[in-house]
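FYI, it's all coordinate maths here, none of it is from the lab. This structure is a prediction, so every number in the text was calculated from the model and none was measured. Virtual Cβ from ideal backbone geometry, glycine too; neighbours counted across all protein chains shown.
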């Protein structure tokens, strides 16, 4: 499920767990309002359906969970939009690896058997990481698709897919023997 799927009619019958990580570092300051409006409209307004779970973190030096709940109607969507619109620039450099690890931990604890949609919204430049975070971040972004917008990026990230990809590769190799 890429970000474009939110633009078309979504006829899902299963609930999805959405993990939205929003960069609140200096990298997104000039584009923060545009990115927030996009996420509020496309992700919260168009993609989410009743029964979906939504977790929103901001990330600068460390991640902070600012919203967590199950969408039951317009009130929960309004609460999620309010949480996004209340994001204040924190400055510094975003620790994306820490935020993605936190989302992945929550996914492992709560998303058993559910579809998962992880989205990282960051500033428009190159994702900066300290050398200590570089290797961790490259592993976490192994299965990612990036959509570029003026001044910011939306990255759909496939957390926890290693075992599924490995199993699919083994099944394919066994089938072609």
So, in nm, how far is label residue 65 from label residue 143 when the simple model puts each one 7 Å beyond its Cα toward the Cβ? 2.3 nm
Gained length - residue 72 relative to residue 26, 0.36 nm times residue gap less alpha-carbon distance: 13.2 nm
Efficiency of FRET between residue 109 and residue 177 - r from beta-carbon atoms, R0 35 angstrom, step 0.05: 0.40
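Normalised radius of gyration for segment 48-125, please: alpha carbon Rg relative to 2.2 N^0.38 Å, two decimal places. Spell out each step's value before the answer.
Numbers: Rg = 13.2 Å, N = 78, 2.2 N^0.38 = 11.5 Å.
So the Cα radius of gyration is 1.15 times the expected 2.2 N^0.38 Å.
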Please rank 146, 157, fewest neighbouring Cβ atoms within 10 Å first, as an exposure proxy. 146, 157
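For each of 59, 156, count neighbouring Cβ atoms within 10 Å of the residue's Cβ, then give the residues from fewest to most.
156, 59
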